[in-house]
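Novice: Quick one: the structure is below, questions incoming.
None of the figures in this text is laboratory data; all of them are computed from the coordinates on show. Predicted model only: the values in this text are computed from it and were never measured. Note: ideal-geometry Cβ built from the backbone for every residue, glycine included; neighbour counts use all protein chains shown.
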Amino acid sequence: MGLPNDDDDKRDEEVENMDTTNTEEANDTEDTEVGKDAELEEDVITKRGDLTGYFSKRDHSVNQVHQSKIPQICKDEPCQLGVDEAGRGPVLGPMVYGIAYAPLSQKKLLVNMGCADSKSLTEEKRDAIFDKICDNGDKMGYAVDAISPNYIANCMYRRTKTSLNEVSMNSAISLIKQAIDSGVFVAEIYVDTVGKPEKYQAKLEGIFPGIKIVVAKKADSTYPIVSAASICAKVSRDHALRAWQFREAENESEYGSGYPNDPVTKSWLSSNVDLIFGFPQLVRFSWSTAEKILESKAVAVEWEDPEEDSSAPESKISKYFAPSPAKTKESARKRHNFFTNRCLTNATTL
């Protein structure tokens with residue numbers, strides 16, 4: 001065995017330096033990821049101006065839920081909770097569900113703030129009331145669920161379709177459960193209906209037994225707590241739309257209100273359709289307005305149904321008790337559900 005020389009010492013030093021560098025790089029990467037997560041977790045919305053920054057940092061292709069800090073009074077005293085949505089009809093942007101809750105002893109607070117149906121209020125008035133809701137965070141709270149347009153469209157195009165009513169109900173139920181699980185003492189629930197009020201109310205009563213539940217049409221103009229939820233949902237949607245970060249191109253904001261009958265929105269849709277990939281994720285591509293533009297401007301795609309051989313003889317039950325043939329390497333490979341569910345087959349055999 002030879003004695004260590006200077007070259008060996010140099011190699012050992014290089015390896016040691018390399019290990020130190022790799023460790024530092026890994027730690028830097030980990031710290032960056034943790035820093036990003038911490039930054040998202042630390043986002044606190046204290047006024048409407050915080051909403052744009054909140055939504056601009058998030059992935060718009062998935063649903064985003066924000067819950068305000070729950071005041072102690074809402075844990076100690078029985079509360080009323082209201083549910084409403086904003087953005088059900090637009091072809092652009094998320095649909096936002098909102099809840100608001102406050103102690104039954106604070107009913108006058110909602111009236112004094114001017115809570116009314118968000119659709120009957122000007123944008124300035126809605127913004128002002130939202131700020132008041134935030135300012136009274138020691139007496140009440142809220143939560144919003146921004147449902148991605150990508151999620152909405154995919155639900156409607158699945159083999160087992162999920163209707164917009166089901167998406168709406170699932171969001172409302174999830175927000176109510178989240179509030180209760182977080183400690184809110186919910187005694188009464190008021191909901192602006194989706195579909196038939198009686199059926200919806202019966203469903204909620206089965207999920208939340210022992211709680212007074214009222215599901216009604218125009219509940220947002222009847223119950224101030226529902227009006228508060230409506231305002232939280234509407235203001236959040238407005239800011240989520242403004243804060244939209246386009247993955248497909250440069251950010252822009254000249255797309256109108258997002259409603260199908262808005263000429264600015266129609267013009268933007270016609271100008272922003274890709275021949276192959278269709279629309280940016282801002283668009284609910286399952287809406288008829290978007291479908292018609294795709295049919296007229298994009299490349300047509302034909303999806304073939306799997307062929308069924310009606311002439312094939314019926315299988316006897318005894319067939320299923322016969323010994324299985326030896327599996328080849330090719331037949332043993334199980335195809336992924338992604339391809340099976342979409343009836344996709346290989347164009348070539350590798």
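Novice: Need the full-extension length gain, VAL44 to ARG88, defined as separation in residues times 0.36 nm minus the C-alpha distance. One decimal, nm.
Specialist: Values: separation 44, 0.36 × 44 = 15.84 nm, distance 2.62 nm.
Extending this stretch completely gives an extra 13.2 nm.
Novice: Using only C-alpha positions, report the orientation-averaged shadow area of the convex hull of segment 48-243, nm², one decimal.
Specialist: Values: hull surface 41.7 nm².
Average of the hull's projected areas for segment 48-243 equals 10.4 nm².
Novice: Given the Cα-Cα distance of GLU124 and ALA249 and 0.36 nm per residue of separation, how much length would full extension add, in nm? Before the final figure, lay out the partial values.
Specialist: Working: separation 125, 0.36 × 125 = 45.00 nm, distance 3.07 nm.
Between GLU124 and ALA249, full extension yields 41.9 nm more.
Novice: Going through the cross-link list LYS139/LYS177; LYS125/LYS297; LYS107/LYS203; LYS217/LYS297, which pairs have a Cα-Cα distance over 29 Å in this structure?
Specialist: Values: LYS139/LYS177 20 Å; LYS125/LYS297 40 Å; LYS107/LYS203 26 Å; LYS217/LYS297 39 Å.
Result: LYS125/LYS297; LYS217/LYS297 exceed 29 Å.
Novice: How many nm is it between the label spots at SER257 and LYS218, if each spot is 7 Å from the Cα in line with the beta carbon?
Specialist: Taking the two extended label points, one gets 2.0 nm.
Novice: Between LYS292 and SER61, what FRET efficiency follows from the Cβ-Cβ distance if R0 is 25 Å, with the result rounded to 0.05?
Specialist: Between LYS292 and SER61 the formula returns 0.60.
Novice: Right, another one. Based on the alpha carbons, how large is the Rg to Rh ratio for segment 45-86 when Rh follows Kirkwood? Each step should come with its number before you reach the end.
Specialist: Values: Rg = 13.8 Å, Rh = 13.1 Å.
For segment 45-86, the value is 1.05.
Novice: Return the Cα extents of segment 199-275 along principal axes one, two and three, sorted largest first, each rounded to a whole Å.
Specialist: Over segment 199-275, Cα extents along the principal axes are 52, 26, 23 Å.
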